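Here is the structure we will look at, set down as structure tokens.
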Amino acid sequence: MSHGLLGAAVIVAQILLLLAMSFSIIRMVRGPRAQDRVLALDALYVNAMLLLLTVGIRSGSLLYVEAGLIIALLGFAGTVALSKFLMRGQVIE
Amino acid sequence: MSRLDALPPWAAILVAAFVLLGALFAFVGSLGLLRLENFYQRVHAPTLGTTLGTFFMLAGSITCFSVLHGRPIFYEILIGVFLTLTTPITLMLLVRAALYRDREEGSQDVPQLTPKD
């Protein structure tokens, strides 16, 4: 019974995270300004990483944790580069 | 789902609670990102997902894999440490950029620089 509970909880969590990702995408499409889109992208990659962690728990494999670490690294680099671009108009000067 | 059957019931219930709490925090954070009024209010909302949401999800993951493998597995903490270090940096850069852009446009919603600055 407790394993059925765990399976149901993971599926509910995945649905919640998918809803969270779609909210971020709606905000990214609606804007209204460039900084809102960058912020939405930041929230989107964090939600995607959490979703990957729930997939890892569901399949019982540790590989997904490493994939989540890579998403966190690349997302940080992307958001910093985009913020730099908004500030200066170029990334590397 | 087959490998998860090796989890004892107390661990299954604990992992289920952690995962649900983490997803709930991330959901509320993104809902705030969608619903709040202006950019400076919206900046606050997604940090709920990056702090508490990630914390609970990682706690669930650590519990699950430590019990499954029969030894403590802690390297999920790397994600938590990394996100805790980087989120303030990215958001500070982003808000500085947004403030700069708003001031350049002469927006009345943000405090202007005084001349002696």
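Under a Cβ-Cβ cut-off of 14 Å, what is the net charge of the residues other than B:P46 that fall near it, where Lys and Arg count +1 and Asp and Glu count -1? Intermediate values should be presented prior to the final figure.
On the way: positive: A:R27, A:R37, B:R35, B:R42; negative: A:D36, A:D42.
Once all neighbours under 14 Å are counted, the net charge is +2.
Let me know the mean shielding of B:100-108 by other chains, meaning the per-residue number of their Cβ atoms within 10 Å of its Cβ.
On the way: counts 3, 5, 2, 0, 0, 0, 0, 0, 0.
Mean number of neighbouring Cβ atoms from other chains: 1.
For labels at A:A81 and A:L18 in the simple 7 Å Cα→Cβ model, what's the distance in nm?
Result: 3.0 nm between the two label points.
In whole percent, what relative contact order does chain B give with Cα contacts below 8 Å and a gap of six or more residues? Before the final figure, lay out each step's value.
Numbers: 93 pairs, mean separation 29.1, N = 117.
Reported relative contact order: 25 percent.
Sum -39500 (n - 2.57) across every DSSP H segment of at least 4 residues in the protein assembly as shown, then divide by the residue count to get the 222 nm mean residue ellipticity, nearest 500.
About -26000 deg cm²/dmol.
Would you list the P(r) distribution for the protein assembly as shown, with all Cα-Cα distances sorted into 10 Å bins from 0 and each bin expressed as a whole %?
That works out to 9, 34, 29, 16, 8, 3, 0, in percent per bin.
Post the alpha-carbon centroid distance, segment B:17-91 to segment A:1-46, in whole angstrom.
Taking the Cα centre of segment A:1-46 as reference, the centre of segment B:17-91 is 12 Å away.
So how do A:M49, A:M87, B:M57 line up by other beta-carbon neighbours within 10 Å, fewest first?
Details: A:M49 27, A:M87 16, B:M57 33.
Ascending number of Cβ neighbours within 10 Å: A:M87, A:M49, B:M57.
Tell me the angle of helix B:54-69 to the major Cα principal axis of chain B, expressed in degrees between 0 and 90 and rounded to the nearest ten.
Value to nearest ten degrees: 20.
Against the longest principal axis of chain A, how steep is helix A:2-30, in degrees 0 to 90 to the nearest 10, with axes from Cα atoms?
Taking Cα atoms only, the helix is inclined about 20 degrees.
Of B:A11, B:A59, B:A45, which has the largest mean-square fluctuation in a 10 Å C-alpha GNM of chain B?
Per the Cα network of chain B with a 10 Å cutoff, B:A11 tops the list.
Calculate how steeply helix B:77-104 sits against the longest principal axis of the alpha-carbon atoms of chain B, using the helix alpha-carbon long axis, and give the answer as 0 to 90 degrees to the nearest 10.
20 degrees
So what's the convex hull volume per residue for the Cα atoms of segment B:1-115, in Å³? Working shown, then result.
Values: hull volume 13.0 nm³, N = 115.
So the per-residue hull volume is 113 Å³.
Could you work out the local net charge near B:F82, counting Lys and Arg as +1, Asp and Glu as -1, over the other residues with Cβ closer than 15 Å to its Cβ? Each step should come with its number before you reach the end.
Numbers: positive: none; negative: A:D42, A:E66, B:E76.
Every neighbour counted, the sum reads -3.
Since every read-out is calculated from the coordinates, none of them should be taken as a lab result. What you see is a predicted model, and the numbers here were worked out from it, not measured in a lab. With ideal geometry, Cβ positions are generated from the backbone for all residues, glycine too; neighbour counts draw on all protein chains shown.
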